[in-house]
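Q: After the structure tokens below, expect a handful of questions from me.
The values are calculated or read from the model by the stated rules, or taken from the named source; none is laboratory data. Because the structure is predicted, anything quoted here is derived from the model rather than measured. In this analysis, Cβ positions are derived from the backbone assuming ideal geometry, glycine residues included, and neighbour counts consider all displayed protein chains. For the accessible areas, the whole protein counts, side chains as well, though only heavy atoms, and no ligand, DNA or RNA atoms are used. Shrake-Rupley method; radii C 1.70, N 1.55, O 1.52, S 1.80 Å.
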Amino acid sequence: MSDVLFYMFAALALGGAMGVVAGRNPVASLLSMVLSLGSTSVIFVLLEAHFLAAVQVIVYAGAIMVLFLFVIMLLNLGHDYRPDLRVTLWLIAPVAAAGALFGILSRGLRAAGAPAGTDSPVDAAVEEYGAIGAIARPLYTEWVVPFEITGILLLVAIVGALALAKKRV
């Protein structure tokens, strides 16, 4: 059942990503990006990486999307978004309802036949360093350069958006 959920939310993530690129309106693209990031967080939950799922929702689907929304509002890009949003919402609503139903069913089935004692390298790292230490150790040792580059790219995007908005004001 978890394979079905994985493929369903992977398809939602890909659909949201295509909606970001194909959206005619920045606000509709933003909502498609929220769908894609939310689906990615559900995939993290299916992989039993609950901390990463929470970070995905709080940081990316929350803070970064609010930042993007402010940039769209600041640049005054959100013109005539109602027809595009209605179509997107009517497409997302049945899929979200089906996803919720599958989630409830899979949780019930997983609780009924959960295997006992499956060990993995992730479980060993969590045992040794704790949940946050198991994530922070590789992030700040072997993945520190991509982490810092991502931060710099976000900073450049914010400064660029403010520079473009300042010219119009």
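Q: Sort PHE147, PHE44 by accessible area with a 1.4 Å probe, largest first.
A: PHE147, PHE44
Q: On to the next question. So what are the ³J(HN,Hα) numbers for segment 146-154, from phi and the Karplus equation (6.51, -1.76, 1.60; θ = phi - 60°), rounded to whole Hz, Gly and Pro as x?
A: For segment 146-154, the Karplus curve yields x, 5, 5, 5, 4, x, 5, 4, 5 Hz.
Q: How far, in nm, would the chain grow between ALA100 and GLU148 when pulled straight, counting 0.36 nm per residue and subtracting the alpha carbon separation?
A: So the chain would gain 13.7 nm between ALA100 and GLU148.
Q: To continue, here is another question. In sequence order, what are the phi-derived ³J(HN,Hα) couplings for segment 121-133 according to the Karplus relation 6.51 cos²θ - 1.76 cosθ + 1.60 with θ = phi - 60°, rounded to whole Hz, with x for glycine and proline?
A: x, 5, 4, 5, 5, 5, 4, 7, 10, x, 5, 6, x
Q: Can you give the extra length, in nm with one decimal, that the chain gains between LEU162 and LEU139 once fully stretched, where that is 0.36 nm per residue apart less the Cα-Cα distance?
A: 5.3 nm
Q: Something else now. What is the packing order of peptides 53-66, 25-38, taking the mean over residues of other C-beta atoms within 10 Å and listing the highest first?
A: Going by the mean number of other Cβ atoms within 10 Å, highest first, we get 25-38, 53-66.
Q: Moving on. Starting from the Cα gyration tensor of segment 1-79, take the square roots of the eigenvalues, sort them a ≥ b ≥ c, and report rounded, prolate or oblate (rounded when a/c is under 1.5, otherwise prolate if a/b is larger than b/c, else oblate). Working shown, then result.
A: Values: a/c = 5.27, a/b = 1.68, b/c = 3.14.
Taking the square roots of the gyration eigenvalues as a ≥ b ≥ c, segment 1-79 is oblate.
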